[in-house]
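A.B. asks: Have a look at this one.
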Amino acid sequence: MSHRPNKIVQTWLKTPTSGVVELAHDWRARHAPPLRLTGGLKFSGLERVRDHSYGKESGYFATRAGRIYFFLPISAHPKPFARRAPVYLAGDFNGWGDAIGRDEWRLNEASLDGQAVLLWTGRAEQFFSNPPQRFKFVTGEGRWFEVPTGAPNTVVDESGNRNLIVDVERTGFHLFAFTLDQPVELSQTQRMEWASSGTQEDVPLRPGPFFFQLATDLPLGARSEQGDTVFRLFAPRATKVTLYLIEPEDERGIAPAEQKFALAKREGESAGDRAVWEFVVEGDLHGWRYWYQIDGPRDEFGLFDPEQRVLDPYAVAAMGRKGSGLVIDAKRVRRKADGFVTPFWQDLIICEAHVRDLAAMAPVKMTDEERRGFTGLKRWVDSPGFYLNELGVNCVELQPIQEFDNESPEDYHWGYMTNNYFSPESSYALEPAKASGIQEFQDLVMAFHRRGIAVVLDVVYNHVGVPGHLMFIDKLYYFAGGLDGELSNWSGCGNDLRVDAAMATRLIIDSCTHLIETYGIDGFRFDLAELLGAEVLKEIEVVLKRVKPDVILIAEPWSFRGHIAGALTDTGWASWNDGYRGFLKDFVRGRGNRESFEYYLKGSPWYFAKWPAQTVNYVESHDGRTWIDEITENADGSGHLPTANDRRRTHLMAAVLFSSVGIPMISAGQDFLRSKHGVNNTYLRGDLNALDYRRAERFSGTQAYFSDWIAFRRSEQGSLLRHYSRATETYFRFWFAPDSLAVAVLYNADFSQGTEQLLFAINPMEHDVEVSLDEEVAEMRWIKIADHEHFKHKHSQHWTAPLDSPLWLPALGFGLWRASG
């Protein structure tokens, strides 16, 4: 072995008295490396880990005999094994997908240290190269296994695909297990270094899995208990926690001086309970302001600052992004039951909207302060001509309303930089110092419910805004990061919450539960849900469905790290369908292929959605350009003045969207061709995002077309579009025009859903086409319901007649018929 400088990469503690140290390269010597500890700790044991231990995280390990082993633990990946599907090793070394079906790359059942695995083994040298070779596991059906979160040999390519690599310097010989003569003290920094070298910098003993599973069931936050107010904060590595209190202003507007108290660590048998700091104040402090200051160890993983004001993560009201929090007696803010019943998922039609966008130009009298928040929007919702009520949707998905990091109340912000998960956004409240936002948001939700509109909240549990209060409580516990303490940034927003830490998961669940119980929220859309991972999302689902069995759960199933829609198919989560978005933008411009049209119209079955309402179909959301700016023929990319074809293509889009299996979602204003003048990112642009309701008059035909489609989909006739279980294989029949994407589709072709049938025909091409139908279908008696311009209303003249075959469709044309029986 050539001489390489000794270097410790990292350590992690599996328990308070044991852990693993990773060296920069394999240590081939038979004796243990000369390591030592600082801070008064000593080793009671140091030995090489079992050779396959590295493979449990990396997917491979090598032996002294020159063999390499690739393996998958069956317990961690039960689905493919339950079907007995073959699994293959694929990578740069065998052409990736070319390995499928080749016996020489198939994994076989085996046992490693008593654990059932699928295993492939061979000579190691063919896999050792520079640059390192990438690999993954794949089933015989072509389904690729997700790379485990935290795998130490993960690489991401330019397209965002995550793969594993074979690192010649890390084959399992670079890991050593150690035990300590006494437990580590989390509030102190202990370090490890080479005993034989004065040049190697030491590295900290980094708390590992046991640390992130520290948890308590104690109630947290500021709570009224038996006439007293109890303050509790979970801060496992803190050395000091100070509480600051200020009494509400008196009648003269004068606030008393702040009071300061030292919290004490609780005692108890549970290590998680001992990580809780507590202080009890006599009396009911409802309405008092409070914050914390926290100190702790100075190391790579901490951000403790005894001068920093910290907003309690469990504060149920806040005065702004920096705090203070407000003590609120839960009994005084209980909501009144409104009797609203959340719609079945299959019946949902969602409109994504922003509080200020809806209210900013609403044709209702209100003050500027009201127009900025919950009270102004409620006035609009209660008004006779309320936009969403006229449109006919039965669910609004509000962009974030939890406390976020706009710098002043007047500043517009989308809200995706959250500072507190319990408090309603203070700038949307008329009197944040009095926590008026609690009652105002309760009133808003009730107003939506009176309109028959469910309320889903967009929530951001993958990262936090500025200041990141959780970082000052414990950066290591609450945030994912590298060996040097640098924060990971798969969110693209500067940090990633470590959501699988027990108390981070509890924070998510507790705050969602609070929003359901305090405000009557019907469900949630989780931003960048890939960063939470399927296992955490499953845990959230289980608990929230105990709180509210019909809770709506929607995931944005991607991040800059990857995509987990496939991993969510066996859960109760629906997912935003980004593939659908791309497909439909292409289709209405005559691009794409027939297979995509069939797949997405049927509801993206099986890989993306195992049940019909598991796909949320959409083409526009807050992100990116609006639909009309995206597809416009205008050279400047602005659809503010759309062309006739822009408008026609929008009608085709609506026809496909509302006829597809799944949950349709539109963005507020999409129905009246809302434009942002081609601007892509408008997260701070309230001027561009505000809904100009005059466009509903300017483009009244398009607005009415959307409204009629929504009414039809929600009607009894539209039940053929709303599926409660996966349709039979023969439910749909398709006829495509020659050399064209123009198509006719028969719904309920096999009469599996009764005797009603629908015929849908669309031509996204810029020339007329003819579609040949089967003779028995064309000769049925049909009633035309809609075309590419409008719906036939009840008062319109109806006639029944056979259809011509071939069926003629004009350029950018559409037709919908109902079988007359």
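A.B. asks: Give the separation of the Cα centroids, region 538-573 to region 1-77, in Å.
C.D. replies: Here the two parts' Cα centres lie 35 Å apart.
A.B. asks: Mean 1/r over all different Cα pairs, inverted: what Kirkwood radius does region 1-77 give, in Å?
C.D. replies: 14.8 Å
A.B. asks: Label points 7 Å out from Cα along the Cβ direction at ASP382 and PHE210: separation in nm?
C.D. replies: Roughly 5.8 nm, to one decimal.
A.B. asks: I need the semi-axes of the equivalent ellipsoid of region 631-706: take the C-alpha gyration tensor, multiply each eigenvalue by 5, square-root it, list largest first in whole angstrom.
C.D. replies: That gives 20, 15, 13 Å for the three semi-axes.
A.B. asks: Expressed as a whole number of Å, what is the distance separating the alpha-carbon centroids of region 282-297 and region 101-175?
C.D. replies: Comparing the Cα centres of region 101-175 and region 282-297, I get a distance of 50 Å.
A.B. asks: Could you tell me what fraction of 2.2 N^0.38 Å the Cα radius of gyration of region 429-549 comes to, as a two-decimal ratio?
C.D. replies: Here the Cα radius of gyration is 1.19 times the empirical estimate.
A.B. asks: Right, another one. In vacuo Debye scattering of region 38-127, one point per C-alpha: log10 I(q)/I(0) at q = 0.16 Å⁻¹?
C.D. replies: -0.71
A.B. asks: Rounded to whole Å, give me the distance from the Cα center of region 466-506 to that of region 714-781.
C.D. replies: When both Cα centres are located, 50 Å separates them.
A.B. asks: Counting each DSSP H run of 4 or more residues in the chain as -39500 (n - 2.57), what helix-only mean residue ellipticity at 222 nm follows after dividing by all residues, to the nearest 500 deg cm²/dmol?
C.D. replies: Counting only the DSSP helices, I get -5500 deg cm²/dmol.
A.B. asks: How large is the dipole of the chain about the Cα centre if only Lys and Arg carry +1 and Asp and Glu carry -1, each at its Cβ, rounded to the nearest 20 debye?
C.D. replies: Roughly 1140 debye, rounded to the nearest 20.
A.B. asks: Based on a Kirkwood Rh over C-alpha pairs, give the Stokes-Einstein translational diffusion coefficient of region 259-383 at 25 °C and viscosity 0.890 mPa s in µm²/s.
C.D. replies: 126 µm²/s
A.B. asks: Hey, if you put +1 on the Cβ of every Lys and Arg and -1 on every Asp and Glu Cβ in the chain, which of PRO664, LEU72, LEU205 ends up farthest toward the positive end of that dipole?
C.D. replies: Value: LEU72.
A.B. asks: Of GLY287, THR179, GLN190, which is farthest towards the positive pole of region 173-309's charge dipole, taken about the Cα centre with +1 and -1 on the beta-carbons of Lys, Arg and Asp, Glu respectively?
C.D. replies: Checking the options against the dipole of region 173-309, the answer is THR179.
A.B. asks: Indicate, rounded to the nearest 5 percent, the antiparallel portion of the DSSP beta bridges found entirely in the chain.
C.D. replies: Taking every DSSP beta bridge within the chain, about 80 percent pair in antiparallel fashion.
A.B. asks: Continuing with this model, one more query. Name the residue farthest towards the positive end of the dipole of the chain from the options GLY520, SER111, ALA24, assuming +1 on Cβ of Lys and Arg, -1 on Cβ of Asp and Glu, about the Cα centre.
C.D. replies: Checked the options; the winner is SER111.
A.B. asks: Right, here's the next one. Convex hull over the alpha-carbon atoms of the chain: what's its volume per residue in Å³?
C.D. replies: Hull volume normalised by residue count: 190 Å³.
A.B. asks: While we're on this one: Rounding to the nearest 10 and keeping the result within 0 to 90°, find how far the Cα-based axis of helix 700-714 lies from the longest principal axis of the chain.
C.D. replies: With both axes taken from Cα atoms, the answer is about 70 degrees.
A.B. asks: Here's another thing I want to ask about it. At 20 °C and a viscosity of 1.002 mPa s, what translational diffusion coefficient does Stokes-Einstein give for region 240-295, taking Rh as the Kirkwood radius over Cα pairs? Give it in µm²/s as a whole number.
C.D. replies: The Stokes-Einstein estimate is 165 µm²/s.
A.B. asks: Taking the Cα centre of region 27-120 as origin, work out the dipole magnitude from +1 charges on Lys and Arg Cβ and -1 charges on Asp and Glu Cβ, in debye rounded to 20.
C.D. replies: 400 debye
A.B. asks: Which percent of the Cα-Cα distances in region 482-527 go past 15 Å?
C.D. replies: Of all Cα-Cα pairs in region 482-527, 60 percent lie more than 15 Å apart.
A.B. asks: So if each residue of separation counts as 0.36 nm, and I subtract the Cα-Cα distance between ASP250 and HIS790, what length gain in nm does that give?
C.D. replies: This chain segment gains 188.3 nm when fully extended.
A.B. asks: Which number do you get for Rg(Cα) / (2.2 N^0.38 Å) in region 593-730?
C.D. replies: Dividing the Cα radius of gyration by 2.2 N^0.38 Å gives 1.12.
A.B. asks: If you put +1 on each Lys and Arg Cβ and -1 on each Asp and Glu Cβ, how big is the dipole of region 655-807 around its Cα centre, in Debye rounded to 20?
C.D. replies: Computed about the Cα centre, the dipole is about 980 debye.
A.B. asks: Just subtract the alpha-carbon distance of PHE734 and VAL333 from 0.36 nm times their residue separation and send over the number in nm, one decimal.
C.D. replies: 138.8 nm
A.B. asks: Quick one: Kirkwood hydrodynamic radius for region 212-315, alpha-carbon pairs, angstrom, one decimal?
C.D. replies: 14.7 Å
A.B. asks: Over the chain, average the accessible area per residue using a 1.4 Å probe and give it in Å², no decimals.
C.D. replies: 41 Å²
A.B. asks: Per the Kirkwood treatment, what hydrodynamic radius in Å, one decimal, follows for region 152-265 from the mean inverse distance over all distinct Cα pairs?
C.D. replies: Over region 152-265, the inverse of the mean reciprocal pair distance is 20.5 Å.
A.B. asks: I've got another one for you. What shape does region 328-391 take by its C-alpha gyration tensor, where a ≥ b ≥ c are the square roots of the eigenvalues and a/c under 1.5 counts as rounded, a/b above b/c as prolate, and the rest as oblate?
C.D. replies: oblate
A.B. asks: Taking R0 as 22 Å, what FRET efficiency do you get between LYS434 and ASP305 from their Cβ-Cβ distance, rounded to the nearest 0.05?
C.D. replies: So, using R0 = 22 Å, E works out to roughly 0.15.
A.B. asks: Another question, if that's okay. Using the alpha carbons of region 696-762, what is the convex hull volume per residue in cubic angstrom, as a whole number?
C.D. replies: 113 Å³
A.B. asks: In degrees, nearest 10, range 0 to 90: what is the angle between the Cα axis of helix 533-547 and the longest Cα principal axis of the chain?
C.D. replies: Orientation of helix 533-547: about 70 degrees from the principal axis.
A.B. asks: Summarise the accessible area of the chain (1.4 Å probe, protein heavy atoms) by the percent that is carbon and sulfur.
C.D. replies: Carbon and sulfur: 49 percent of the exposed surface of the chain.
A.B. asks: Where q = 0.11 Å⁻¹, what log10 of I(q)/I(0) comes from the Debye formula for region 76-181, counting one point per Cα?
C.D. replies: -0.40
A.B. asks: Can you work out the PRE-style zone for SER700? Point 7 Å along Cα to Cβ, and I want the residues of region 367-387 with backbone N under 17 Å.
C.D. replies: Zone members listed by number: 385-387.
A.B. asks: Give, in nm to one decimal, the length gained when the segment between MET361 and ARG102 is fully stretched (0.36 nm per residue of separation minus the Cα-Cα distance).
C.D. replies: The MET361-ARG102 span can extend by a further 86.9 nm.
A.B. asks: Give me the base-10 log of I(q)/I(0) for region 512-585 at each q in 0.18, 0.26 Å⁻¹, Debye formula, one uniform scatterer per Cα, rounded to two decimals.
C.D. replies: -0.70, -1.19
The values are calculated or read from the model by the stated rules, or taken from the named source; none is laboratory data. Note that the structure is a prediction, hence the values are computed from the model and not measured. Note: ideal-geometry Cβ built from the backbone for every residue, glycine included; neighbour counts use all protein chains shown. Each accessible area value is taken on the protein alone, full model and side chains, heavy atoms only, with ligands, DNA and RNA left out. Shrake-Rupley method; radii C 1.70, N 1.55, O 1.52, S 1.80 Å.
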